[in-house]
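Novice: There's a structure below that I have some questions on.
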């Protein structure tokens, strides 16, 4: 009996002595793991001004007599790019109590497809000969106008955070890398009528790609659910500016008399090279509208594909 008590006491003492080592070997619920694998999805607004200039020009072309006191009708509306859903994955390693480093990859795309039309009708009377009249009737349409962008961003990152309580950590990350982006512009338009009935149909397709140095600056909050699993929310600003976009431009224009069945003239063109902002004007009832459109093979300042903007993302992390 005394022997059994002695053995039990020894085993109990050993268990007490080993407990700190055993506890130290198991991550506590709020303690960050050395390695983290993270997956996130979020929201961002896309507003590439130079690409959206095509929308502004085509809208001005359709509305060139909107302010005139004549019979007219409008339908539809041309749209710019809107929201995008960024996806991101990354692996980080904690290199100190507050610091972490790692690498990752993010991606998002956005597409806008729209159409619009306008028609005008009026009569011109010669003030010196009331019996002389000219009828003007014209219909215009853009169907469709398609804009699309894609953004690929492999990057490295450094982060800093601090613990608040046993489960919550607040901090931020700075990511830098080389962004690769591409864009596509597709347009089909038609003009029918005028003082002399003429039909003109134009088709245009442009594609381009470029790359450049980019960065993301994000604030982050991480909540540990278990010793291995956590949830995180982050938000901040992304600088993604591609100033050298190159690609191809293919166009076709078909002109014919409104009463003819065969095309009178067809002009087909193809160009390769750097995207630029070509100056354009539209004569409207209220004055001259001036703007630009993306093009290739003509003179103009360089085109910039701006995919910068505010982002917010949420996701999960797995530690090991």
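Every number in this text was worked out from the coordinates using simple rules, so none of it is lab data. As the structure is a prediction and not an experimental result, all values here were calculated from the model. With ideal geometry, Cβ positions are generated from the backbone for all residues, glycine too; neighbour counts draw on all protein chains shown.
Novice: Seen from all sides and averaged, what is the projected area of the convex hull of the Cα atoms in the range 131-197, in nm²?
Specialist: If you wrap the Cα atoms of the range 131-197 in a convex hull and average its projections, you get 10.5 nm².
Novice: Ok, one more. Order these by the 10 Å Cβ neighbour count, fewest first: 45, 90, 265.
Specialist: Numbers: 45 12, 90 22, 265 9.
Starting with the residue having the fewest Cβ neighbours, the order is 265, 45, 90.
Novice: Counting each DSSP H run of 4 or more residues in the chain as -39500 (n - 2.57), what helix-only mean residue ellipticity at 222 nm follows after dividing by all residues, to the nearest 500 deg cm²/dmol?
Specialist: -4000 deg cm²/dmol
Novice: If you don't mind, there's one more thing I want to ask. What is the helix-to-structure angle for 2-25, meaning the angle in degrees between its Cα long axis and the longest Cα principal axis of the chain, kept from 0 to 90 and rounded to the nearest 10?
Specialist: 30 degrees
Novice: Further question: Among 66-76, 47-57, how do they line up from the highest to the lowest mean number of other beta-carbon atoms within 10 Å?
Specialist: 47-57, 66-76
Novice: Still on this structure, please answer the following. Which Rg and Dmax, in Å, describe the Cα atoms of the range 276-320?
Specialist: That works out to 20.6, 68 Å for Rg and Dmax.
Novice: Rounded if a/c is under 1.5, else prolate if a/b beats b/c, else oblate: with a ≥ b ≥ c from the C-alpha gyration tensor eigenvalues square-rooted, which is the range 79-183?
Specialist: In terms of gyration-tensor shape, prolate.
Novice: I'd like the orientation of helix 49-62 relative to the chain: the angle between its Cα long axis and the longest Cα principal axis, in ° from 0 to 90, rounded to 10.
Specialist: Relative to the chain, helix 49-62 is tipped by roughly 30 degrees.
Novice: For the range 164-320, just run the numbers: alpha carbon Rg, then divide by 2.2 N^0.38 Å, N being how many residues it has. Display every interim value, and only then the final one.
Specialist: On the way: Rg = 24.9 Å, N = 157, 2.2 N^0.38 = 15.0 Å.
This ratio for the range 164-320 stands at 1.66.
Novice: Still on this structure, please answer the following. Please state, as a whole number in µm²/s, the translational diffusion coefficient that the Stokes-Einstein equation yields for the range 43-117 at 37 °C and 0.692 mPa s, with Rh defined as the Kirkwood radius across alpha carbon pairs. Working shown, then result.
Specialist: Details: Rh = 16.4 Å.
Once the numbers are plugged in, D ends up at 201 µm²/s.
Novice: In which sequence would 142, 125, 158 go, from the one with the fewest C-beta neighbours within 10 Å to the one with the most? Can you show the working numbers first?
Specialist: On the way: 142 23, 125 11, 158 15.
Placing the least packed residue first, the sequence is 125, 158, 142.
Novice: While we're looking at this one, here's another question. How much FRET efficiency would the formula 1/(1 + (r/R0)^6) give for residue 68 and residue 274, where r is the Cβ-Cβ distance and R0 is 41 Å, rounded to 0.05? Spell out each step's value before the answer.
Specialist: Details: r = 39 Å, r/R0 = 0.94.
The pair residue 68/residue 274 has a calculated efficiency of 0.60.
Novice: Got a sec? How would 303, 87 order by Cβ neighbour count within 10 Å, fewest to most?
Specialist: 87, 303
Novice: Report the FRET efficiency, 1/(1 + (r/R0)^6), for residue 225 and residue 107, where r is their Cβ-Cβ distance and R0 is 25 Å, rounded to 0.05.
Specialist: 0.40
Novice: Please say if the chain is rounded, prolate or oblate, where rounded means a/c under 1.5 for a ≥ b ≥ c the square roots of the C-alpha gyration tensor eigenvalues, and otherwise the choice is prolate for a/b larger than b/c and oblate otherwise?
Specialist: prolate
Novice: Let me ask something else. Find the centroid of the Cα atoms in the range 47-97 and in the range 206-223, then give the distance between the two in whole Å.
Specialist: Between the Cα centres of the range 47-97 and the range 206-223 lies a distance of 19 Å.
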